[in-house]
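All remarks here apply to the structure that follows.
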Amino acid sequence: MKVFSSNCTFDYSWEEVSTANWRKYCPWNDKSPHVVGVDTLSRNVDPETGILRTERLITCDQNAPQWVLSLFGGTATSHVYEVSYVDPASKKVTMCSTNLTWANVLCVRETVIYQRSASMPSSSTDFRQEAQITALCGGWQKIKNKVEEASVERFKENAKRGREGFEAVLEMSRRVFSEQRELETSAA
Amino acid sequence: MAASIAPECNDIKEKYDTCFLKWYSEKYLRGNTTSNECEDLFAKYKTCLTKTLKERGIDNMLEEARKSTPETDAEYNRRT
């Protein structure tokens, strides 16, 4: 098993980040063209805790190395299942995702947390991401290592692009929201 | 908003997503967690999507993946 993790802080409030997170994969984000579909499967609020639980299906056209593709049967479209939990009381979003495609050869489990920053709670948000990648294919350890290494490498590239793309979405969201507010104020 | 994997569901999905985002930012984040004005749109979107999930065999993969959600539910679907 290999583990990939990263941390960063976004200079936006948790409310802004958690809202923009729902449209992370939109045309404003030109860094994640590999995501071709985001579908909501279920959504409900726990009446006791107020926690919003959402299940989504994320569909990607992954540009994996050719040798990985041929190992996995040559298909480039992959599906990811994601369950997320928004806790408005502690201002925290947790997203757990796992791959549906190629699940018999490779298991990728990712946890992403967006939480109100401890140092500047009203204006910034801490981001934590951890992925566990395990190649399950029986056989040579060498091949398993190679598959895991290639996957971690791909994950790293996507994580960086994901962060850059999300920054663009945050910036656009803030601009659109403030324009909307101005419109509403001038109309009032 | 991102597209649906089922192109024929894109229209209803967009309506639902827009409704949800408005509810999320204007009600849910402000403490009104009980309202559910997007429910009808979601039901329509879901009916549309379910067909494609079945046709492509994704429903079976989802069922398999859902086996591990009790773990994450226990950890995150509670007050901290």
Quiz prompt | Residue check, B:Thr34 exposed (fewer than 15 other Cβ atoms within 10 Å of the Cβ) and outside any helix (DSSP H, G or I) | solution = yes
Quiz prompt | Of the criteria (1) more than 20 Å from A:Thr49 (Cβ to Cβ); (2) in a helix (DSSP H, G or I); (3) out of contact with any His (no Cβ under 9 Å at 6 or more places or on another chain), which one B:Ser4 fails | solution = (2)
Quiz prompt | Qualifying positions in segment A:92-106 - under 16 Å from B:Leu62 (Cβ atoms) and at pLDDT below 85 | solution = A:Thr101, A:Trp102, A:Ala103, A:Asn104
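Residue-wise test of (1) modelled with pLDDT of 85 or more; (2) within 13 Å of another protein chain (Cβ to nearest Cβ).
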residue	(1), (2)
A:Val86	yes, yes
A:Thr125	yes, no
A:Ile133	yes, no
A:Leu136	no, no
A:Trp140	no, no
A:Lys146	no, no
A:Ser151	no, no
A:Arg161	no, no
Quiz prompt | Residue list for segment B:7-31, filter: in a loop (DSSP other than H, G, I, E, B) and more than 10 Å from chain A (Cβ to nearest Cβ) | solution = B:Lys27
Exercise. Among the candidates A:Glu149, A:Glu110, A:Glu130, single out the residue that is surrounded by fewer than 16 Cβ atoms within 10 Å (Cβ to Cβ), in a strand (DSSP E or B) and touching a strand residue (DSSP E or B) at 6+ places or on another chain (Cβ under 8 Å).
Key: A:Glu130
Quiz prompt | Count of residues meeting criterion [part of a helix (DSSP H, G or I), more than 9 Å from chain A (Cβ to nearest Cβ) and within 29 Å of A:Pro88 (Cβ to Cβ)] in segment B:37-68 | solution = 6
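The values are calculated or read from the model by the stated rules, or taken from the named source; none is laboratory data. From a predicted model like this one, the values you see are computed outputs, not experimental measurements. Note that we place each Cβ from the backbone using ideal geometry, even for glycine, and neighbour counts take in every protein chain shown.
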